[in-house]
Every structure is written in C-alpha cells, then in structure tokens.
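S.K.: Let me begin by handing over the structure; questions about it come next.
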Amino acid sequence: MLGEYRIEGRRAAEISASVERAVGAGQLKPGQLLPPMRELAVELGVNPNTVAAAYRSLRERGVIETAGRRGSRVRAKPATTGREYIRVDVPEDVRDVANGNPDPALLPPLAKAFAAAAEQGDREPVLYGDAPVEPELARIARAELDADGVPDGPLAVLSGSLDAIERVLAAHLKPGDTVAVEDPGWGSLLDLVPALGLRTAPVGVDEEGPLPDDVRHALTAGARALIITDRAQNPTGASVSATRARALRSVLREYPETLLIEDDHGHGIVDLPLHPLADVTRTWAFVRSVAKAYGPDLRLAVLTGDAVTVDRVSGRHRLGPGWVSRITQRAVLRLWADGTLDTPAVAAAYRARRDLLIAALAERGIEAHGRSGLNVWIPVPDETGAVARLLHAGWAVAPGARFRMSAPPGIRITVSTLTADETGPLADAVASAIGGPGPVRGYV
C-alpha cells in the first residue's frame, strides 16, 4: 500500500509528522491510500485512538482526506507540498512565461525610499508600544479606498495578501468549515484553505468575475466564507464588472452571515475600475497589497473591514510579529507620495501585452482570456501535452492544474515581460501545441 515507506511513531504527533514528512519528500504520492487506522495501530503497537487522532490532525492541516469506507488517502494536492510542485523546470535555453511575476522594468526603484525611511527611523525610532500603522500611510490608504468606493472601516497593515486572508479566515472559521473559492483561482490560496483545515467549494469564473449562480450554490450548500478577486484575477485575468458586482451583491444579501473577503492585489497595475462588494454582509474584509505594482519583496498589504474582523486580526497580529516594519511602511509611503509609479503607463503596458497576445492567438483560432493583470488563460483539451510540447518548442508555460479544482484544463501565460517580437512566435507555438481551435469554450 505504501511501497517502501514505513510510517513511524508512538504518539499521534509523531505519526502525523511521519506521514507529513513523507508527503513533503514525495515518498507518499498524491492520491496514495493510507493504511486503515486499526491496521496501522496494530503495526505500530498503539491504541487505535492514537492513529485516529493523527489522521484527524492530518485532515485538518490539508494533508490527507477521508472518504468513509474508502479510507484515507493523501490529498490530490496536499497542503504539505503545495501547488508549486506542479510546475515546469525551465532550462536555460527556454523562454519563461510561466512565473507570474511583474516586469522588473516597470517596478519603481526602492533605494531612495528606503534610505529616506531609514533616516527617519534614526531620527524617530519605532519602539515597543508604538502604533503598528504609520499614520500617514493609513491616511493615504484610506483616501484611496474612499475614492474607490470601499466602505469605511478600521485599517491594519499585514505582510501581503495571503497573510491578510489567512488571518481573516482564522479569525472567523474553524476546521471543517467550507470556503467558496474561485476555480480557476490563485494556487497559493487553494493551498492555504485546506492547510487551515478548511474545505473548498469551487466557484466558476468568467471574464466578469465569479458566477453568481455558482456562488449561490456554494452558499446554499453551507459555505461560510467567500473569497473574490476584484481585478487581475490569477490565472484568468477576470475583473468584476459593475453588472456582475450588482448580481453578486444580490446573492450575498440572501446570506448576510457569510464572511466576504475581497482581494484587490491588482491595484496599481490595472486600468479597470473597482466595483467592491464590501459591507453587503455582516463580516467582511478588503485586502490591497503593493506586491504587483511596487515589488513582491515589500510584503505589505492594507486590510480594512468591519470593526470586529479588523480588531480580531490586529489583536492576533500583535501576539505574533507585532507589526509590519514601520521602515517598510514609511518606504511604501514615500513611493506613494513621490509618484514614482506611473500607474496609467504601467496598466497600459500590461494591457498592450495581453491584448497583443490574445489577438495573435485569435488570428490562429485559439480562444484566450485576459481582461486585466499579468496573465493570459488559454483553455486546452490536453493540458499536460500542451505544456510538454510548448517546452519542447522553447516556451515554459504554467500548467493549469496549479490553479484548478474542477474547472476544465488550461494553461497560463505571463505576459509581463513579453515583447511584441515574441508574440507571434509564441502564438504559433501555442497553436501547434494544442492543435488549432480546441473544443473547450470558456473556462468555468
């Protein structure tokens, strides 16, 4: 059943750690069946309740899943290994259009902003007990949120979108609760939810965002939370339109106890307006990070939401890291104040690259999607074959399996550094790899 690997341990924590190490090392494969609890208890010489506790811990951390009489097995995409293992190793002579990164040439320089922030820190050191949020950063962030129609609420600063989302989920949900997530959707989020011991309910996506009927179905079935990407959805480029926002708000009014989390990581790199849903439910959170516009290494996101949610998140944050470095906050503030990022120009550059590739693919009979953001999503009939053939042709693209649960196959191409001269050859390679017009329509 387990091949060469032998589960070890006498206590529940030791047994679960043994399984988790094996999954992380690839010795236990996704989908591999684990021994029945009583059988493993006899083999290890322990009480069956000890094995049951170990398996329960592994389920709660998203490593295994249990299907009644069919037993327990390693999850198809276990949280221990994460979806990053579904990736293409890029040889030196292959063009990488799989990485999902912004164009470094479009990121603002950081040296002067950090130097000025450090000098301010020398003059005004931040000490224990000081405010966790830079007051001027909070003022500017709140003004921008107001301009975009995001409801008023307290502010917190956290270490990126995923950190904020994790803390909001932990503030309200318990293991076993279900979270409705976009499908296709952000691979890291699809890993995070089961890692917290939560269940995922897939919600289909089109170019205007999550499908209202799918959202209603998930909430009717018991999902306690819904996570939506407002713009630059990864991997499809979807952006919530005004019409779709009205429809989603209508659905959410039927389920006012839903925890609503909105991710606006595309702020600063998109030229489409924001249509927030926030405050239609009793508990809500809105997250806006600086990663795509100013640099992933800044690890900073602004969170607002209802008072209870932000208070819980802030309180728990104080007990851990305490605060996000005020030097980093001050550097981001200077980047905002200096106007070093030409947002319209950056958004226009990414739009031009997306549109050029989508048009080139359309000329070759290939359907592709990318309304906003850094990526283009292409439905394909044979995902594994398409990725392999494109790699052989000199192009590394991201397999759609990194972003899917029940959605049809696809591939993701990051256009952030794609040049006009490369667009035609890449479109030719995609057409050759998937055999011309495919049978898949849409991506839900």
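S.K.: Going through the stretch 162-187 one residue at a time, which ones are among the small types (Gly, Ala, Ser), under 30 Å from Thr414 (Cβ atoms) and either free of Cβ contacts under 8 Å to residues at least 60 places away in the same chain or surrounded by fewer than 20 Cβ atoms within 10 Å (Cβ to Cβ) (or both)?
M.R.: Residues of the stretch 162-187 that are among the small types (Gly, Ala, Ser), as a first pass: 164, 170-171, 176, 180, 185, 187.
Then drop every residue that is not under 30 Å from Thr414 (Cβ atoms), which leaves 164, 180, 185, 187.
Result: Ala180, single match.
S.K.: Let me ask something else about it. Being β-branched (Val, Ile, Thr) and closer than 25 Å to Ala245 by Cβ is the filter here, so list the residues in the stretch 141-185 that pass it.
M.R.: Restricting attention to the stretch 141-185, the residues satisfying the condition of being β-branched (Val, Ile, Thr) are 150, 157, 165, 168, 178-179, 181.
Once the filter is applied, which keeps residues that are β-branched (Val, Ile, Thr) and closer than 25 Å to Ala245 by Cβ, the stretch 141-185 yields Val150, Ile165, Val168, Thr178, Val179, Val181.
S.K.: Looking at (1) surrounded by 24 or more Cβ atoms within 10 Å (Cβ to Cβ); (2) assigned to a loop (DSSP other than H, G, I, E, B); (3) not β-branched (Val, Ile, Thr), find the lone condition where Arg412 falls short.
M.R.: Among (1) surrounded by 24 or more Cβ atoms within 10 Å (Cβ to Cβ); (2) assigned to a loop (DSSP other than H, G, I, E, B); (3) not β-branched (Val, Ile, Thr), Arg412 violates only (2).
S.K.: Also, quick follow-up: Could you pull out every one of the strands (runs of 3 or more DSSP E) wholly within the stretch 221-339 that has 3 or more residues that are without any contact (Cβ under 8 Å) to a residue 12 or more places away in the chain?
M.R.: none
S.K.: Separate question: Please determine, by comparing only the residues of the stretch 201-220 that are buried (at least 23 other Cβ atoms within 10 Å of the Cβ) and touching a residue at least 40 places away in the same chain (Cβ under 8 Å), which one is nearest to the chain's Cα centre (by Cα).
M.R.: If we take residues in the stretch 201-220 being buried (at least 23 other Cβ atoms within 10 Å of the Cβ) and touching a residue at least 40 places away in the same chain (Cβ under 8 Å), then Val205 is nearest to the chain's Cα centre (by Cα).
S.K.: Sticking with this one: Determine if the stretch 29-41 includes at least one residue that is of a type in the set (D, E, K, R), farther than 30 Å from Ala396 by Cβ and modelled with pLDDT of 80 or more.
M.R.: yes
S.K.: Exactly one of these conditions fails for Val415: (1) under 21 Å from the mean Cα position of the chain (by Cα); (2) farther than 30 Å from Ala141 by Cα; (3) not hydroxyl-bearing (Ser, Thr, Tyr). Give me its number.
M.R.: (2)
S.K.: Then there is this: Identify, from the list Gly320, Gly295, Gly365, the residue that is closer than 24 Å to Arg95 by Cα and assigned by TED's automatic domain parsing to the domain that holds Pro273. Steps first, please.
M.R.: On the way: Gly320 fails: closer than 24 Å to Arg95 by Cα; Gly365 fails: assigned by TED's automatic domain parsing to the domain that holds Pro273.
Gly295 is the lone residue from the list that is closer than 24 Å to Arg95 by Cα and assigned by TED's automatic domain parsing to the domain that holds Pro273.
S.K.: Residues that are at pLDDT 95 or above and of a type in the set (Asp, Glu): does the stretch 383-395 have at least one?
M.R.: Taking every residue of the stretch 383-395 in turn, none turns out to be at pLDDT 95 or above and of a type in the set (Asp, Glu).
S.K.: Okay, moving on. Which condition breaks for Ser372 when tested against (1) of a type outside the set (A, V, I, L, M, F, W, C); (2) in contact with a Phe, Trp or Tyr (Cβ under 9 Å, 6 or more places away or on another chain); (3) touching a residue at least 40 places away in the same chain (Cβ under 8 Å); (4) farther than 27 Å from Ala105 by Cβ?
M.R.: (4)
S.K.: A further question on this structure: Identify the residue in the stretch 42-71 that is assigned to a strand (DSSP E or B) and surrounded by fewer than 20 Cβ atoms within 10 Å (Cβ to Cβ) and, among all such residues, is modelled with the highest pLDDT.
M.R.: Checking each candidate, the answer is Glu65.
S.K.: Scanning the stretch 113-128 for residues that are in contact (Cβ under 8 Å) with a residue 40 or more places away in the chain and assigned to a helix (DSSP H, G or I), which turns out surrounded by the fewest Cβ atoms within 10 Å (Cβ to Cβ)?
M.R.: Checked the stretch 113-128; the qualifying residue surrounded by the fewest Cβ atoms within 10 Å (Cβ to Cβ) is Ala118.
S.K.: Another question about this same structure. Quickly run through the stretch 85-108 and pick out the residues that are modelled with pLDDT under 95, farther than 18 Å from Ile413 by Cβ and not acidic (Asp, Glu).
M.R.: Tyr85
S.K.: Take Ser159 and tell me if it is at pLDDT 95 or above and either under 25 Å from Gly322 (Cβ atoms) or crowded, with 24+ Cβ neighbours inside 10 Å (or both). Please lay out each step first, then the result.
M.R.: On the way: at pLDDT 95 or above: yes; either under 25 Å from Gly322 (Cβ atoms) or crowded, with 24+ Cβ neighbours inside 10 Å (or both): yes.
Taking the combined requirement at face value, the residue satisfies it.
S.K.: A further question follows. Out of all the residues in the stretch 174-186, is one or more of a type outside the set (A, V, I, L, M), under 15 Å from the mean Cα position of the chain (by Cα) and within 30 Å of Gly322 (Cβ to Cβ)? Talk me through it step by step, then tell me what you get.
M.R.: Step one: filter the stretch 174-186 for residues of a type outside the set (A, V, I, L, M), giving 174-178, 182-186.
Still in the list and also under 15 Å from the mean Cα position of the chain (by Cα): 182-186.
Within this subset, residues satisfying the condition of being within 30 Å of Gly322 (Cβ to Cβ) are 186.
The answer is yes, given that some residue of the stretch 174-186 is of a type outside the set (A, V, I, L, M), under 15 Å from the mean Cα position of the chain (by Cα) and within 30 Å of Gly322 (Cβ to Cβ).
The values are calculated or read from the model by the stated rules, or taken from the named source; none is laboratory data. What you are looking at is a predicted structure, and each value in this text was computed from that prediction instead of being measured. A quick note on method: Cβ atoms are made from the backbone with ideal geometry, for glycine too, and the neighbour counts reach across all protein chains shown.
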